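Worksheet: the structure to be examined is printed underneath.
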Amino acid sequence: MADQYAQSGEDGRPTEIPAIRWDEPPEGPVLVLLDQTRLPAEEVELVCTDASALVDAIRSLAVRGAPLLGIAGAYGVALAAARGFDVDEAAVALAGARPTAVNLSVGVRRAQAAHRDAVAKGGDPEQAAGAALAAARRLHREDAEASARMAAHGLALLDELLPGGGHRILTHCNTGALVSGGEGTAFAVALAAHRDGRLRRLWVDETRPLLQGARLTAYEAARNGMAYTLLTDNAAGSLFAAGEVDAVLIGADRIAADGSVANKVGSYPLAVLARYHHVPFIVVAPVTTVDPDTPDGASIEVEQRPGFEVTEITSPQVTVSGAGGGIPVAPLGTQAYNPAFDVTPPELVTAIVTEEGAVSPVTAEALAELCDRSRQV
Ligand code: MRU
């Protein structure tokens with residue numbers, strides 16, 4: 001069951017709530033999420049008392065973004081174990097909640113393996129649940145560390161590619177603290193540039209249809225005091241043509257072995273624009289987003305979302321007459337094409353920045369070497 005149990009900001013000013021936290025109130029362990037569907041209007045916590053509530057939260061995008069999905073998946077397994085549910089059944093449901101971000105199944109598998117190992121070593125259910133929780137906490141911590149290292153590597157790369165500073169960075173979707181144990185991926189690089197006085201402007205794509213850029217990235221940029229401007233996704237072309245973009249920084253949901261990058265739909269057109277305008281197109285993601293088992297872009301499963309997300313303006317604040325509960329913006333019965341992600345081929349990617357360093361040019365060999373290096377650490 002999920003329940004909204006805390007709403008902050010009575011004076012209208014949002015307060016600090018982490019994207020995810022484990023809690024152990026007297027009634028039993030819970031996973032508490034900052035409900036991202038309700039931002040930026042209000043900061044509301046969503047409490048999951050079992051894995052099926054978390055599956056719903058993942059599907060509705062209350063919790064989202066590749067690294068955070070991994071962390072959530074791991075905690076979800078720990079929650080199932082702590083609450084005495086069938087861990088393997090919960091793991092299957094959690095890993096299958098969304099198909100594209102590989103981090104989700106990586107996180108689920110890590111906690112599941114820790115649980116299984118504890119059982120194999122003769123641990124009782126409580127010890128096995130403790131092992132799953134420890135694995136989830138470790139992943140959470142590692143993601144925070146990876147985020148800081150990505151920011152440093154990304155900033156160094158920006159300085160190398162764009163000497164002189166004063167960067168004008170275009171970003172898409174949301175890749176900050178809301179998707180991470182730390183400060184995020186691409187957004188963390190822009191934030192590091194901002195703190196160093198080297199960010200002239202963050203251009204924020206609104207990111208249709210669910211407005212992760214407008215609702216979440218603009219929210220994070222404002223909270224961090226960054227100079228940012230919001231644009232509709234289709235205004236990006238004229239921005240490039242006007243020479244206003246120095247670099248594109250995006251995250252990734254899955255990077256195939258050949259370097260193809262799946263990210264929020266609208267990323268691929270930005271890569272094409274960037275190439276035409278000779279602007280670096282940089283992907284920032286932890287090594288856990290690289291999936292050696294997915295050989296190429298065509299093998300990445302792209303999640304298809306319900307059509308009402310396109311035919312209606314949906315928001316928790318809007319409950320009108322559309323089938324999805326939003327304001328209809330197309331004639332009733334209109335069909336919609338609504339892939340959540342698109343795939344950018346490696347030849348359009350200037351560099352992939354990870355916590356282990358940057359890969360440029362992006363080749364299968366360089367990525368494989370990076371993954372090997374990370375496994376040895
Ligand atoms: O559908 P979402 O909001 O989960 O999509 C998120 C993205 O596409 C992000 O850019 C990606 O997960 C990278 S987050 C660091």
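Structure data summary
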item	result
Label point 7 Å beyond Cα of residue 235 along Cβ direction - residues of the range 163-198 with amide nitrogen under 16 Å	169-173
Karplus-derived 3J(HN,Hα), 6.51/-1.76/1.60, for each residue of the range 196-210, Hz, glycine and proline x	8, x, 10, 9, 7, 7, 9, 8, 10, 5, 5, 6, 5, x, 9
Placed amide H near residue 20: partners under 5 Å, 5+ positions off or other chain	34
Alpha-carbon Debye profile of the chain, log10 I(q)/I(0) at 0.08, 0.11 Å⁻¹	-0.39, -0.75
Residue exposure sequence - 180, 238 - by fewest surrounding Cβ within 10 Å	238, 180
Fewest-first ranking of 287, 204, 279, using other Cβ atoms within 10 Å as the exposure measure	287, 279, 204
By average C-beta atoms within 10 angstrom, highest first, the peptides 326-332, 91-97, 195-201	91-97, 195-201, 326-332
Cα shape, the range 53-181, gyration tensor, a/c 1.5 rule	prolate
For the range 131-220: span of alpha carbons on each principal axis (Å, largest first)	48, 33, 17
Amide H partners (placed H, <5 Å) of residue 338, local residues excluded	305
Of the DSSP H helices in the chain, those whose Cα atoms cover at least 20 Å axially and whose Kyte score averages 0.5 or more	66-82
For the chain, share of DSSP beta bridges that run antiparallel, in % to the nearest 5	55 percent
Sequence ranges 56-67, 334-345, ranked by mean other-Cβ count within 10 angstrom, highest first	56-67, 334-345
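Rule-based calculations on the coordinates, nothing more; no lab input. What you see is a predicted model; the values in this text were computed from it and never measured. Every residue, glycine among them, receives a Cβ derived from its backbone with ideal geometry; neighbour counts consider all protein chains shown.
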